[in-house]
Amino acid sequence: MHKALPRKILVRAPNWIGDAVMCEPALRGLRSLFPAAELTLLAKPTITELFTAYSGLDRVLVYDDKVTHAGIAGKWSLAGSLRRQSFDLAVLFQNAFEAAFVAWLAGIPRRYGYATDGRVLFLTEPVAIPRRDRPVHQVEYYWNMLKPLGLSGEPPSPTLHVSSDEDRMADAKFVSAGIDSSDLIIGVNPGSTYGGAKRWLPERFADVARQLTERMEKDDRAHVAVVLLGAKGEESLGKDIASRIDRRSLVLSGATSIRELMAVVKRCRLLITNDTGPMHIAAAFGVPIVAVFGPTDSRTTAPYRQERSVVREVVDCAPCLLRECPIDHRCMTRVSVDRVYGAAMNQIRADTLTGNKLAGDTLMSQEAAPSAPNLSACHSANVSAVLVGYTIFLDRDGTLNADPGYIKSPDQLELFPGVPEALARLKQAGARLILVTNQSGVARGLLSHDDLAAVHAKLKHILDDAGASLDAIYFCPHHPDEGCGCRKPNPGMIDQAVREQRVDLERAYLIGDHVRDIELAKRIGVRSVLVTTGVVCPQESERLKATALAPDWIAPSMTAAADWLLCDAGRSPVQMNDGRVMHR
């Protein structure tokens, strides 16, 4: 399909929360394929709430199949409304016959989706269904559907976003229940709207939560609270488990909107859950998860790329995909409290080692960070203007986006999950953002200056839409053998930025994924953050701490880097590793 052709695209979203979250990478992929097109999402009310203010969409339409669009008359009315908007392409992630029928009834000339549910006659471009003997994860299922349109590579992990106001509302909800902003929160999601077969035993959820609370309060010397989550109709289940825990708890089952649930889940230190929508919401926010699987297939619906989060018992009858167990529910009853508790402790330890959602004392070496901040304590602090006057220098490949080697076209540019939102937070706090990137592919003849400009135009478009506009872009096009003064770790690009952008290096940071980024930061005398999303893996970063190239902070993601930077910038004057005092 020619990329200039679709001007207005209708996207039919999946109906379930978990499926919609797993479809999010494909939404980003669709936007990357057609950056100039107007994307409109058609979804049921709960799903539209999930994607409120989502940066990759231009509009969201509610499909209310219970009232407004119920029955044949409702479908006819919906089709008429869509027809008047003159869409030229419908992308149907929702697999049902109805989705294709409504798109056909609306007169949308190109109707694209999997050839499922007997709807092939209503699709102008049906996509072959994946082979059943080769299960693929649902994230990949949605992503692969777009490959005939030109999408390539592997999907990123899903990501979601809540606003700072929604974060504050969640904090207020906790405070009203006596839970302080510095307290650690264990989330427990014991229900399932799909059916009882997916539910682990309530008393076992309670046992695990109680043991975790006791252990974390003892080891971390922290205050811990348990928050019970669930849908409407699961209130009694939440109250029953809270009474069994006999520790400080808050029951929010049936008491949150989707947006409120997202903000609450984001705040959790750990979520213990069945295979449900909130599990995928937690994964999209990078919250450590322990997910008990029974009748469903963890190969297709586990938290994406979080295999260690799954606890399941191998039995002959699973996965059966049944809503209710017709026999003895052995897939769940054989999962012990000890196994889930052990998995939870492993998740917490692994998460702490990577620096994600740290609370209390951090693992950063004292040589690298003389007085490392408590990220949990300052997470909810007012950071509205702490970066006014500051400049953040950003590396590109491996820091903002996956690095496939040399990015030669905009189609290959795929930002890491959470990058636009994290940079938007820095921008909202007053920072200027300047990109400094080595691009020797130009000198090697792998891409032209025009190709690079097109890639950077897409990058700017994505970040502009997220409220994270770049203030300047500097790149070095030279071959490493040329010995130029601008290729990092040489400071040529920084020197140019200082002249042209009037950057004050006394009020600057640098974020990168490579040792040369940290070396550059030390040469110009600014504080540095190493993100382990690129060249330097978490294990290698630990070894850096004992060297002269120790960064000021190590983060597993741009989200975590922004957390630290906002906290660090808001502190009192700090003495840097070279003895210089930086004034905030």
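Consider residue 311 carefully, then state whether it is more than 26 Å from residue 563 (Cα to Cα), at pLDDT 90 or above and in contact with a Lys or Arg (Cβ under 6 Å, 6 or more places away or on another chain). Yes: the conditions hold for residue 311. Mind checking which residues of the range 206-221 are surrounded by 16 or more Cβ atoms within 10 Å (Cβ to Cβ) and either modelled with pLDDT under 90 or of a type in the set (Phe, Trp, Tyr) (or both)? Of everything in the range 206-221, those that are surrounded by 16 or more Cβ atoms within 10 Å (Cβ to Cβ) and either modelled with pLDDT under 90 or of a type in the set (Phe, Trp, Tyr) (or both) turn out to be 216, 220. Any chance the range 479-500 includes a residue that's without any contact (Cβ under 8 Å) to a residue 12 or more places away in the chain and within 26 Å of residue 560 (Cα to Cα)? Scanning the range 479-500, I find no residue that is without any contact (Cβ under 8 Å) to a residue 12 or more places away in the chain and within 26 Å of residue 560 (Cα to Cα), so the answer is no. In this structure, does residue 43 turn out to be buried (at least 18 other Cβ atoms within 10 Å of the Cβ) and within 20 Å of the chain's Cα centre (by Cα)? So residue 43 does not fit the description; no. Which one is nearest to residue 231 (Cα to Cα), of the residues in the range 1-14 that are part of a loop (DSSP other than H, G, I, E, B) and touching a residue at least 60 places away in the same chain (Cβ under 8 Å)? Filtering the range 1-14 for residues that are part of a loop (DSSP other than H, G, I, E, B) and touching a residue at least 60 places away in the same chain (Cβ under 8 Å), the one nearest to residue 231 (Cα to Cα) comes out as 14. Here the range 36-49 is the region considered, the condition is being farther than 19 Å from residue 95 by Cα and outside any strand (DSSP E or B), and the residue that is modelled with the highest pLDDT is 49. Selection within the range 232-255: residues that are touching a helix residue (DSSP H, G or I) at 6+ places or on another chain (Cβ under 9 Å) and hydroxyl-bearing (Ser, Thr, Tyr). The member of this set that is nearest to residue 185 (Cα to Cα) is 249. Inspection of the range 113-129 finds a residue satisfying the criterion of being at pLDDT 90 or above, crowded, with 21+ Cβ neighbours inside 10 Å, touching a helix residue (DSSP H, G or I) at 6+ places or on another chain (Cβ under 8 Å) and under 29 Å from residue 416 (Cβ atoms). Hey, does the range 15-31 have a residue that's part of a loop (DSSP other than H, G, I, E, B) and either basic (Lys, Arg) or surrounded by fewer than 23 Cβ atoms within 10 Å (Cβ to Cβ) (or both)? Yes, the range 15-31 contains a residue that is part of a loop (DSSP other than H, G, I, E, B) and either basic (Lys, Arg) or surrounded by fewer than 23 Cβ atoms within 10 Å (Cβ to Cβ) (or both).
Kindly indicate which of 400, 394 is within 30 Å of residue 162 (Cβ to Cβ), within 18 Å of the chain's Cα centre (by Cα) and buried (at least 21 other Cβ atoms within 10 Å of the Cβ). 400 is the lone residue from the list that is within 30 Å of residue 162 (Cβ to Cβ), within 18 Å of the chain's Cα centre (by Cα) and buried (at least 21 other Cβ atoms within 10 Å of the Cβ). Within the option set 96, 37, being closer than 25 Å to residue 279 by Cβ and out of contact with any helix residue (DSSP H, G or I) (no Cβ under 7 Å at 6 or more places or on another chain) holds for one residue only, 96. Against the criterion of being at pLDDT below 95 and farther than 22 Å from residue 531 by Cα, residue 419 does not qualify. Just one of the numbered conditions (1) in a helix (DSSP H, G or I); (2) at pLDDT below 95 is not true of residue 203: (2). Out of the residues in the range 226-255 that are of a type in the set (A, V, I, L, M) and assigned to a strand (DSSP E or B), which is surrounded by the fewest Cβ atoms within 10 Å (Cβ to Cβ)? Filtering first and then ranking leaves 250. Only one entry in 157, 152 is under 30 Å from residue 259 (Cα atoms) and either surrounded by fewer than 22 Cβ atoms within 10 Å (Cβ to Cβ) or in contact with a strand residue (DSSP E or B) (Cβ under 8 Å, 6 or more places away or on another chain) (or both), namely 157. Candidates are the residues of the range 465-481 that are of a type outside the set (A, V, I, L, M) and over 23 Å from residue 494 (Cα atoms); the one that is surrounded by the most Cβ atoms within 10 Å (Cβ to Cβ) is 465.
Looking at 188, 175, just one residue is of a type in the set (Val, Ile, Thr) and free of Cβ contacts under 8 Å to residues at least 24 places away in the same chain, and that residue is 175.
A single member of 59, 83 is within 30 Å of residue 468 (Cα to Cα), surrounded by fewer than 15 Cβ atoms within 10 Å (Cβ to Cβ) and of a type outside the set (Ser, Thr, Tyr), and it is 59.
The values are calculated or read from the model by the stated rules, or taken from the named source; none is laboratory data. Computed from a predicted structure; not experimentally measured. Methodologically, a virtual Cβ is constructed for each residue, glycine included, from the backbone with ideal geometry; neighbour enumeration extends over all protein chains shown.
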